[in-house]
Amino acid sequence: MKIVAARLNHETNTFSPVATPLSAFGPDGPTFGRAAYDSARGTRTGLGAFIDAAASRGDEIAVAVNATANPSGTVDAAAYEQLAGSIVDAARSGCDAVLLDLHGAMVAAAAPDGEGELLQRIRAVAPEVPLAVALDLHGNVTQAMVDAADVIVGFKTYPHVDMHETGAHAARLLFGWLDGGARPQVAWAQPPLLSHTLRSATGDGAMQRAVQRALKFEDEGLLAATVFAGFSLADFRDAGMSVVTVGRDREEAQRAADELARQIWAERDGFVYTSEPLADSVARALSLQTQGRPVLLLDHGDNVMAGGTCDTTTLLEECLRQGMTNLGVGPLADAATVAQAFDAGIGAHISVALGNKLPLGLPVPQRAPFACDVAVRALGDGRFRISGPIYTGETWNMGRTAVLQHEAFTVVVTERPMEPLDLAVFESVGVDPRGFDWLLLKSRMYCRPTFVPIAAGLVECDSRGTCSSDYALFRFAKLRRPIYPLDPRAAYPAP
């Protein structure tokens, strides 16, 4: 049996000024064909699971592309055409099944529903080929996606530590059908709910209860049930929550999807997050100071894994205003400052204008770069291998990286935005993150599996950047309306 597989992941923040060209899709750009297979084999990703599943069956697997980019702005049209085209061409060449590791919230310049458009193109060249898709929990699921796929399974964890398990689940359902089982039937429900990302963590609250009910459906015999929190910072019609189920018959699947959607709607206020003022968050962090272990300040207003610019200094400056010292900061993306540090060399003392280079385009004052005097402590190429539970085994690239030492803080400055999802973002350039009183991380969730175990506490900080939880900062023009909480009187089912 010949399997075509691919990975194409991007969570698009349409409000983000960070560009998304082809080169963004991987440490050195995307890989294709044999190189794509080699880069994915052995990784804890959905594509890695597809490779493992095919190998266990003795099936031939052809990997069209392995491409994943940090969340950022709308995907460049040419990049989308090349990446999607490689997958469509592979399906057109002939195969017995297609397995796709997608995100579910991609917006491209000429394809607002990036995944739906891709699946429709595959169906145009391979209308009868069985097709299974593994999606991120934050996918904005659309009717086009549901109509085109024979199997849809999404992550059940946030932070996402079940990528491989999700890929294995999707492959298992597809192969079960190919081996003579019942054809899977996909159903979905879409309550009018724009959840906040900080209320999509699966460890507590309404989201935990929804995922637990989905798991109970599976324990009771449903083939798959996924609660998609959606990604709200996309001005796209179908942004928001949904439920996708897979059953042995359509009615069974639809009943489960509808029941889960009603539960989510009944607890809709549990998916709404209200930020406290930044000064109050920093003051709380100050009160948590503990000798020997850092307190984490998570700058979710400039969260890399939601399309943040990764260059704002709002949180750092507030910490300094409140008298904090021995701060660890980073990574902070500022290619111009990195170039200045490399020109000066290790040991040099330089005056820098740090961060705030990209216009945010929000109705808040644009902060000027932060002027400060620093010493260049270390320089590196920015490459590191992930040992933590998210993207385990992959090599990521921060671009050239400089460690700058200020009298009150140490900052890791990179050429490329980088989520601090692994201790290696510090350790790869000789910085021990355990040695600070406070760690300022541009992250919501991905940092938690690796940084929380070394920390004395955690405080969420909203710096009101392009990932702020304050929806009033964003001008939604394409989103379906009414939708909660933007429209408090939204109803489900619609009257």
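The spacing between region 121-157 and region 357-420, judged by their C-alpha centroids, is 35 Å.
Computed with the Debye formula from one identical point scatterer per Cα of region 320-406, without solvent, the log10 of I(q)/I(0) at q = 0.13 Å⁻¹ comes to -0.55. The Cα atoms of region 202-255 give a gyration tensor whose axes a ≥ b ≥ c have a/c of 1.5 or more with a/b no greater than b/c, which makes the shape oblate. In this calculation the C-beta distance from VAL125 to GLN291 is compared with R0 = 45 Å, giving a FRET efficiency of 0.10. Taking the longest Cα principal axis of the chain as reference, the axis of helix 46-57 is set at about 40 degrees.
With viscosity 0.890 mPa s and temperature 25 °C, the Kirkwood radius over alpha carbon pairs of region 373-495 converts through Stokes-Einstein to a diffusion coefficient of 142 µm²/s.
Can you pull the percent of region 425-466's accessible area that's carbon plus sulfur, 1.4 Å probe, other chains left in place? All intermediate terms of the calculation are to be shown ahead of the outcome.
Details: 560 of 1150 Å².
Exposed carbon and sulfur together represent 49 percent of the surface.
Give the peptides 375-386, 483-494 in descending order of average Cβ contacts within 10 Å, highest first. Please list the in-between numbers first.
On the way: 375-386: 17.8, 483-494: 13.7.
Top of the packing list down: 375-386, 483-494.
When Rg and the Kirkwood radius Rh are both evaluated on Cα atoms of region 141-207, their ratio Rg/Rh stands at 1.03.
Using Stokes-Einstein with the Kirkwood hydrodynamic radius over Cα pairs, what translational diffusion coefficient do you get for region 53-179 at 4 °C and a viscosity of 1.567 mPa s, in µm²/s rounded to a whole number? Provide the component values of the computation, followed by the final result.
Values: Rh = 15.0 Å.
It comes out at roughly 86 µm²/s.
Summing charges over all other residues whose Cβ lies under 10 Å from the Cβ of ARG284, with Lys and Arg as +1 and Asp and Glu as -1, gives -3. Taking the chain as the reference, fit the longest principal axis to its C-alpha atoms, fit the long axis of helix 163-178 to the helix C-alpha atoms, and give the angle between the two in degrees, 0 to 90, nearest 10. Its long axis makes an angle of about 10 degrees.
With the simple spin-label model, which puts each label point 7 Å out from Cα in the Cβ direction, the ALA279 to LYS478 separation comes to 3.9 nm. In order along region 472-488, the Karplus-derived 3J(HN,Hα) couplings, from 6.51 cos²θ - 1.76 cosθ + 1.60 at θ = phi - 60°, round to 5, 7, 10, 9, 7, 10, 10, 4, 4, 10, x, 8, 8, x, 4, 10, x Hz, and Gly and Pro are given as x.
Classify region 181-230 from the C-alpha gyration tensor, please: rounded if a/c falls under 1.5, else prolate or oblate depending on whether a/b exceeds b/c.
Numbers: a/c = 3.21, a/b = 1.65, b/c = 1.95.
Oblate shape, in that a/c is at least 1.5 and b/c is the bigger or equal ratio.
With every protein chain present, what is the per residue accessible area of region 116-272 (1.4 Å probe, Å²)?
Values: 5150 Å² over 157 residues.
Averaged over the residues of region 116-272, the accessible area is 33 Å².
Which entries in LYS442/LYS478; LYS216/LYS442; LYS156/LYS357; LYS357/LYS478 show an alpha-carbon gap greater than 30 Å? Spell out each step's value before the answer.
Numbers: LYS442/LYS478 28 Å; LYS216/LYS442 35 Å; LYS156/LYS357 36 Å; LYS357/LYS478 28 Å.
Table pairs above 30 Å Cα-Cα are LYS216/LYS442; LYS156/LYS357.
Projection of the Cα convex hull of region 332-382, averaged over all directions and equal to a quarter of that hull's surface, yields 3.9 nm².
Heavy-atom accessible area per residue, region 54-104, 1.4 Å probe: how many Å²? Walk me through the numbers before you get to the answer.
Values: 1620 Å² over 51 residues.
That works out to 32 Å² for each residue.
Rounded to the nearest 10 degrees, the angle from helix 77-92 to the longest Cα principal axis of the chain is 30 degrees.
Please compute the Cα-Cα pair-distance distribution of region 1-91 with 10 Å bins starting at 0, giving whole percents from short to long. Per 10 Å bin, starting at 0, the Cα pair percentages come out as 18, 47, 27, 8, 1. Panel values: region 443-495, Kirkwood radius from alpha carbon pairs, Stokes-Einstein at 4 °C and 1.567 mPa s, translational diffusion coefficient 90 µm²/s. Convex hull volume of the Cα atoms of region 261-367, normalised per residue: 177 Å³.
Ratio of region 146-264's C-alpha Rg to 2.2 N^0.38 Å, to two decimals?
Values: Rg = 13.8 Å, N = 119, 2.2 N^0.38 = 13.5 Å.
Here the Cα radius of gyration is 1.02 times the empirical estimate.
Of all DSSP-defined beta bridges confined to the chain, some 45% are antiparallel rather than parallel.
Mean projected area of the Cα convex hull of the chain, taken over all directions, amounts to 21.9 nm².
Round to the nearest 0.05 the FRET efficiency obtained for ALA110 and SER351 when R0 = 60 Å and r is the Cβ-Cβ distance.
On the way: r = 44 Å, r/R0 = 0.73.
With a Förster radius of 60 Å, E is 0.85.
The values are calculated or read from the model by the stated rules, or taken from the named source; none is laboratory data. Computed from a predicted structure; not experimentally measured. Every residue, glycine as well, gets a Cβ built from its backbone with ideal geometry; the counts of neighbours run over all protein chains shown. Surface accessibility is based on the protein's heavy atoms, side chains included, excluding ligands, DNA and RNA. Shrake-Rupley method; radii C 1.70, N 1.55, O 1.52, S 1.80 Å.
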